[in-house]
Amino acid sequence: MRCILIVGDGMADQPLRELNFKTPIEVANPQAMNRLAQQGVSGLLDPIASGVVPDSYTANLALLGYDPSVVCEGRGAFEAAGAGLHVGQDDVAFRCNFVTVDESLCLVDERAGRIGVEARILGEVVEQIQLKVHSDVEVHFKQALGFKAALVLRGEGLSSKVSVVMPKVGCPVAAIVPLDSSFEAKHTADVLNEFVRLSNQVLKCHLVNVERKFVNHRPANAVLPWGGSRKPDMLFFQEKYGLRAACIAGASLIKGIGKFSGMDVPDVQGATGEFDTDTLAKADAALAAFVGGRDFVYVHVEAADEASHDGDVAGKVAVIQKIDALVGRILDGVDLSDTVVVLAPDHGTSCLTRAHMGDAVPVCFAGVNVVSDGVTVYSERSVYKGGLKRISGKDIMPMVLNYMGK
């Protein structure tokens, strides 16, 4: 028996007025997801716990059976590893955003107008930054996808106990503060603030940003680190479950989780983590992983979450339809007599508030050992009638193992 777990990041939502109080999933009318529901058992999933708003890293760790509170203190190390940076035992790693700031270094746009491929050029410039005041600390930087990047600090006297959240628009960005009274925390905050100021110095007059401003696009004129953490303490997935696993993703966070859990993490051509991501290429990569001897494949699609954070309702519906095409390609490529297929968002993301939600999300299992429950539509509303009732993220892997006969 094999298993494929398909995660539509932020795919679930609440009923929206502009959709006549339907959800984006309901409006997308995903035929392959409905087909999966008709063959399986459905229910509601609390990724962490009822009413708890999950971060993407905590939710995805939970779906894979890892306790986020034990494994890691933040997402930075996963982001860095997924972006291709080495994270040593004593390093401190951060997720970074290319951002737009004003002359006073106050935040204008946390995604720099959702900058795309131009960020690669800017990333090469930021990679050359060397600290001046804190020259004893090594800076390792890598642009990942669009406005997303990662940073690793290496040196003595570093701490992850620094402010880890994105500031609100209008607040200063070079204002990272220690979270405890230790020398290490203050030192690290000072290092990060120097890095932010230096990034602004090298980026604000760069030709890419001059051209962006000329066409009324927001410049990516600073880099802001957040979500700091040290290297996680994780059992390899195969050691934990006896399953040889692969992770198919475009987002560096998810690729990092795959790497630290010992999964195969292939680079899939066209897997961008954005609206243009090639979901069919991801489906083909997942099926190829089975051919290559894997018996568990984790497939993650980021773009629905990105559309939600932009408040782009039509874009979210379109992304869900692309995820549905992925589900259809996978269902056509496997035999449910020897494969368990699981479908769920890692959390809901509201197009109205543009933030993650604590709502339960729809989950479905299908396979030869699964007793179907009569649900015929996959959506937030329909799965209330499902046979699973309400489960949590930590239940997913025990149920997978049970349905696989393990």
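The values are calculated or read from the model by the stated rules, or taken from the named source; none is laboratory data. Here the structure is a predicted model, which is why all the values come from computation and not from measurement. All Cβ positions, glycine included, derive from the backbone under ideal geometry; neighbour counts span all protein chains shown.
Details
- Taken over region 280-309, the residue count meeting the criterion of being in a loop (DSSP other than H, G, I, E, B) and either charged (D, E, K, R) or not assigned by TED's automatic domain parsing to the domain that holds residue 340 (or both) is 3.
- Elements of the type strands (runs of 3 or more DSSP E) sitting completely within region 41-139 and holding at least 3 residues that are aliphatic (A, V, I, L, M): these cover 41-46, 92-101.
- Qualifying position, being part of a loop (DSSP other than H, G, I, E, B), aromatic (Phe, Trp, Tyr) and either at pLDDT 95 or above or surrounded by fewer than 19 Cβ atoms within 10 Å (Cβ to Cβ) (or both), among 384, 378: 378
- Residue pairs meeting the criteria (Cβ under 8 Å; at least 6 apart or on separate chains; first polar (S, T, N, Q), in region 99-119; second assigned to a loop (DSSP other than H, G, I, E, B)): 100/112; 100/113; 100/218; 100/219; 100/220; 100/221
- Taken over region 270-288, the criterion of being within 12 Å of residue 325 (Cα to Cα), hydrophobic (A, V, I, L, M, F, W, C) and surrounded by fewer than 24 Cβ atoms within 10 Å (Cβ to Cβ) is satisfied by 280, 281.
- Index of the failed condition, residue 329 passing every other in (1) assigned to a loop (DSSP other than H, G, I, E, B); (2) more than 20 Å from the chain's Cα centre (by Cα); (3) crowded, with 17+ Cβ neighbours inside 10 Å: (1)
- Qualifying residue in region 138-155 (condition: farther than 17 Å from residue 94 by Cβ and among the acidic types (Asp, Glu)): no
- Selection of region 1-32 for residues being in contact with a strand residue (DSSP E or B) (Cβ under 9 Å, 6 or more places away or on another chain) and either modelled with pLDDT under 95 or farther than 16 Å from residue 344 by Cα (or both) yields 1, 2, 15, 16, 22, 27.
- Within region 116-132, considering residues that are modelled with pLDDT of 95 or more and among the β-branched types (Val, Ile, Thr), the one farthest from residue 198 (Cα to Cα): 121
- Which numbered condition residue 291 misses (of (1) buried (at least 24 other Cβ atoms within 10 Å of the Cβ); (2) more than 16 Å from the chain's Cα centre (by Cα); (3) within 29 Å of residue 239 (Cβ to Cβ)): (1)
- Test for residue 391: is it assigned by TED's automatic domain parsing to the domain that holds residue 61, in contact with a helix residue (DSSP H, G or I) (Cβ under 6 Å, 6 or more places away or on another chain) and touching a residue at least 40 places away in the same chain (Cβ under 8 Å): no
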